[in-house]
């Protein structure tokens, strides 16, 4: 009997056509919704957080966008959708739950906000982290984790922002993920990022 091979799903740009195999379609959006900023926090640097807001609602997001100033969003974020999906092992799955990374409590900023990491289902990885107004876990209907074979490890050496100087009860640094433009990971200290960062395979 010949083995039934599990073909690696394709990553394709939205402009390309696809045959019948499971494929992750990539597109980008420059449309965002403002989430929060650190105005009034007293931090040495500035940050604004935005949520990608795809015009085509069949697309999902992989994380929020952190920008190191108070200007409008200037970058594009990658958005994805699965087609010809494999029902036994979908290419994308919602987060199982959310894990709190940091809150701005004690900072005296104009807005109360917090940073969260998606907890991915087994066999999946979360690419970007998210922010939310207030201190309750986010409810992001169109956030997705990616099947492990669609992702590869990357690094996050480029600092976007830290709350240094803010007087918040806890420390945090936001880092840009190499190879995933405008996606961030966060860590609750001022050290270099030592977590695992993931990018979609084959896009860099």
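Work out, step by step, the length gained on full extension between residue 171 and residue 203: first 0.36 nm times the residue separation, then minus their alpha carbon distance; give nm to one decimal. Each step should come with its number before you reach the end.
Numbers: separation 32, 0.36 × 32 = 11.52 nm, distance 3.22 nm.
Working it through step by step, the gained length comes to 8.3 nm.
Were the residues from residue 153 through residue 110 laid out at 0.36 nm apart, the gain over their Cα-Cα distance would be 11.9 nm.
Report the extension gain between residue 33 and residue 13 in nm, rounded to one decimal, defined as 0.36 nm multiplied by the number of residues separating them, less their alpha carbon distance. Write out the running numbers ahead of the final one.
Numbers: separation 20, 0.36 × 20 = 7.20 nm, distance 2.38 nm.
Working it through step by step, the gained length comes to 4.8 nm.
Given a Förster distance of 45 angstrom, what is the FRET efficiency for residue 84 paired with residue 196, based on the Cβ-Cβ distance and rounded to 0.05?
On the way: r = 29 Å, r/R0 = 0.65.
Efficiency at R0 = 45 Å is approximately 0.95.
Between residue 57 and residue 136, the modelled label-to-label distance comes to 2.2 nm, taking each label 7 Å out from Cα in the direction of the beta carbon.
Rule-based calculations on the coordinates, nothing more; no lab input. Everything quoted here is computed from the prediction, not taken from an experiment. Every residue, glycine as well, gets a Cβ built from its backbone with ideal geometry; the counts of neighbours run over all protein chains shown.
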